[in-house]
Amino acid sequence: MSREVTVYGYNSVETSVLKNSENIIELYVDQSSSNKRIEKLLSSKIASRLNILKVDNSFLSELLSTEKHQGIAAKIKINDFFDLKSSIQYLSQNNGSLVLILDDLDDPRNIGACLRTANATDVDMVVLSKNRVNIDSPVIGKVSSGALQNTNIAVVSNISQFIERVKEIGFWIYGTSDNSEVSYWEPNYTDSTAIIVGSEGKGMRDLTKSHCDRVLSIPMSGNVSSLNVSVACGLLLYEVLRQRNAN
């Protein structure tokens, strides 16, 4: 099964054209654009096989609900999202998987940035709350720079239920909090692992925290009290990748 989403911005569309061209339904280009990068992309052999529509700038702005679209967008097909049952089935068949759980995140820019980092660090699945985010938002596709269409994504109604189910199949669950005395580089992440990051400002919900095997912190030396959630996500996931590559 697949679903249709719209992505925009040069980097996201370029990734779709060069790596997933068979999934592009329509490519929209601002007919008044003189962007050399867009012209080069459109002149490629791959692009010549696509359904390219030259449209007004206002059409793109209305379609995407933003004027910051860089003059290019694409309607694409992506794999449909996993639900609770199918995600557990998939993970149970892939021992040693790495899962990123975004607990209560609703900012599409942060979600897109986390997806991009997850794809870069070999995360096997990203889990989102069905009730908190519009995963079809074009902003997520833009910020993820191609990760949206190349990452396994599960959208579940109950994050706590998902956590309990993956614990049953052998996952270690690591949450994050500013108040923990356990630094994020201390655990061993070489087994099946789920990393949870919470929303900015509120962090992880108490109920989610209660399901964690360990709660970790990122030590802060300066005057700020916390990092952007996507930056924190990057530090955590690259530590997992570092350990796994070392083994």
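The values are calculated or read from the model by the stated rules, or taken from the named source; none is laboratory data. Everything numeric here is computed off the predicted structure, so don't read it as measured data. In this analysis, Cβ positions are derived from the backbone assuming ideal geometry, glycine residues included, and neighbour counts consider all displayed protein chains.
Observations
- Residue 132 being assigned to a loop (DSSP other than H, G, I, E, B) and modelled with pLDDT under 95: yes
- Candidate set: region 214-230, residues that are small (Gly, Ala, Ser) and in contact (Cβ under 8 Å) with a residue 12 or more places away in the chain; chosen: the one farthest from residue 188 (Cα to Cα): 225
- Within region 231-247, being within 21 Å of the chain's Cα centre (by Cα) and either touching a residue at least 12 places away in the same chain (Cβ under 8 Å) or surrounded by 20 or more Cβ atoms within 10 Å (Cβ to Cβ) (or both) holds for 232, 233, 234, 235, 236, 237, 238, 239, 240, 241, 244.
- Some residue of region 134-148 being in contact (Cβ under 8 Å) with a residue 12 or more places away in the chain, of a type outside the set (D, E, K, R), touching a His at 6+ places or on another chain (Cβ under 9 Å) and buried (at least 18 other Cβ atoms within 10 Å of the Cβ): yes
- Residue in region 206-215 that is part of a strand (DSSP E or B) and in contact with a Gly (Cβ under 8 Å, 6 or more places away or on another chain) present: yes
- Region 5-43: number of residues that are among the hydroxyl-bearing types (Ser, Thr, Tyr) and more than 16 Å from residue 68 (Cα to Cα): 4
- Elements of the type helices (runs of 4 or more DSSP H) sitting completely within region 1-101 and holding at least 1 residues that are surrounded by 16 or more Cβ atoms within 10 Å (Cβ to Cβ) and touching a residue at least 60 places away in the same chain (Cβ under 8 Å): these cover 10-19, 57-64, 84-92.
- Selection status of residue 201, at pLDDT 95 or above, in the same structural domain as residue 227 (by TED's automatic domain parsing) and in a loop (DSSP other than H, G, I, E, B): no
- Total residues in region 45-62, condition out of contact with any strand residue (DSSP E or B) (no Cβ under 7 Å at 6 or more places or on another chain) and hydrophobic (A, V, I, L, M, F, W, C): 3
- Each residue in region 171-189 was checked for being surrounded by 13 or more Cβ atoms within 10 Å (Cβ to Cβ) and either in contact (Cβ under 8 Å) with a residue 60 or more places away in the chain or not in a loop (DSSP other than H, G, I, E, B) (or both), and 7 of them qualify.
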